[in-house]
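Take a look at the structure below.
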Amino acid sequence: MIPLFKVHIPESVMEPLKGVLLSGYIGQGPKVDEFERQLVKWVGNPNCLTVNSGTSALHLALRLAGAGPGTEIISTPMTCSATNTPIVDSKADIVWADINPWDGAIDPSDVERKITPRTKAIMAVHWGGYPCDIDALIKICIKYKVALIEDAAHAFGSTYKGRPIGNHSSYVCFSFQAIKVLTTVDGGLLVCPSVEDYRLGKLLRWYGIDRETPRRDLRCENDIVACGYKYHMNDVNAVIGIEQLKYVDKLIARQRDNAAFYDKSLNDLRRVKRLRYQPDRLSSYWLYTIRVDDRDSFQAHMAKNGIMVSQVHVSNDVHTAFKAYRRNLPGVDEFAAQQVSIPVGWWVTDEDREKIVKATLEWDKR
Ligand SMILES: Cc1ncc(COP(=O)(O)O)c(C=O)c1O
């Protein structure tokens with residue numbers, strides 16, 4: 001089977017990893033600091049806070065943005081449930097907006113229609129790595145004085161108008177979970193829009209305890225002014241991240257090359273439609289999503305040819321836990337009914353991608 005996802009762990013991580021494991025210090029320490037310094041350069045934003053998962057980054061961003069009882073967060077159901085679960089955990093109400101059925105991105109005009117005096121933030125998911133219309137969303141945020149939270153779990157390395165995701169004056173949440181573009185086994189990154197958010201975020205990711213001001217007693221913390229969480233990254237995950245950064249450009253370049261091959265090869269088909277992407281933004285292609293008119297049949301055909309394809313995420317409004325937030329969203333329904341992703345990752349060889357195109361064209365002619 002050509003897999004849809006593959007874990008990238010280079011052999012070269014073993015030595016530095018062993019070094020940390022045997023060092024006597026495996027908690028949050030110098031490797032986390034070093035990883036953050038490298039991420040600052042990589043993302044191009046000084047306010048980088050590593051955390052233990054993308055979900056933690058989202059929860060922390062919601063807290064910093066003021067989500068809480070009586071507030072509303074405008075979000076999309078067409079995503080991983082991890083986008084919406086932290087909103088419920090924050091005790092805010094989810095208000096789902098529609099998406100563009102041709103790229104999976106939240107629709108700024110529908111977002112604006114859903115703003116109320118209770119809105120605290122807009123949660124925008126970069127589906128498969130393809131950036132939403134960040135400028136249009138920021139315009140709305142400025143107009144109504146609400147925050148933008150980018151769920152960039154799929155989008156490490158993607159760019160919007162020439163700048164990496166993480167540079168557009170919003171809270172940006174990356175995931176470094178096992179199968180993401182960059183993995184630290186588990187982990188995440190919150191990029192904050194201001195130094196004040198960064199400072200508060202740093203406190204809140206570790207219970208609210210200030211780790212930087214010297215303590216009178218080594219084991220006892222100074223005054224805690226706001227209670228936080230146990231969301232920090234540790235040196236074991238961080239040392240893996242440091243090593244991964246040496247490879248990630250090359251991996252993304254291969255993903256983009258595979259995607260360009262599909263863009264060229266899957267045109268003007270009858271039953272298979274490519275998504276419609278704008279030239280001002282570039283996905284790192286965690287997913288290459290297409291639309292098909294009969295997903296079950298496509299999936300069975302591809303499996304018979306040794307190729308794994310999947311929806312990856314279902315619209316969250318099918319879940320009982322989210323039933324209170326259901327509403328009419330025609331763009332979501334259209335996308336959710338037809339979307340499916342084919343293997344595009346760094347492990348997909350020239351031969352694999354030719355096989356994937358051949359099988360897709362065969363099915364399209366049926
Ligand atoms: C869109 C999206 N948001 C958030 C997350 C949560 O990230 P993590 O698994 O690192 O908590 C994921 C996936 O894992 C995701 O796909």
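No lab work stands behind these numbers, since they all come straight from the coordinates. Just so it is clear, the model here is predicted, and its values are computed rather than measured. A quick note on method: Cβ atoms are made from the backbone with ideal geometry, for glycine too, and the neighbour counts reach across all protein chains shown.
Overview of results
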item: Residue among 134, 142, 209, 122 that alone is surrounded by 22 or more Cβ atoms within 10 Å (Cβ to Cβ), free of Cβ contacts under 8 Å to residues at least 40 places away in the same chain and either more than 19 Å from residue 46 (Cα to Cα) or more than 16 Å from the ligand (Cβ to nearest atom) (or both); result: 134
item: Every residue from segment 178-213 that is touching a strand residue (DSSP E or B) at 6+ places or on another chain (Cβ under 8 Å) and among the hydroxyl-bearing types (Ser, Thr, Tyr); result: 198, 207
item: Whichever residue in segment 183-206 is under 16 Å from residue 43 (Cα atoms) and away from the ligand (no atom under 16 Å from the Cβ) and, among such residues, is surrounded by the fewest Cβ atoms within 10 Å (Cβ to Cβ); result: 195
item: Close pairs from segment 1-20: first surrounded by 14 or more Cβ atoms within 10 Å (Cβ to Cβ), partner of a type in the set (S, T, N, Q), Cβ under 8 Å, at least 6 apart; result: 4/310; 4/341; 8/183; 8/244; 9/183; 13/244
item: Residue count for segment 320-359, restricted to those that are touching a His at 6+ places or on another chain (Cβ under 9 Å) and among the hydroxyl-bearing types (Ser, Thr, Tyr); result: 0
item: Pairs, first near the ligand (Cβ under 9 Å from one of its atoms) in segment 151-179, second charged (D, E, K, R) and not in a loop (DSSP other than H, G, I, E, B), C-beta under 8 Å, six or more apart; result: 173/150; 173/151
item: Every residue from segment 41-73 that is touching a Lys or Arg at 6+ places or on another chain (Cβ under 7 Å), within 16 Å of the ligand (Cβ to nearest atom) and among the β-branched types (Val, Ile, Thr); result: 51, 73
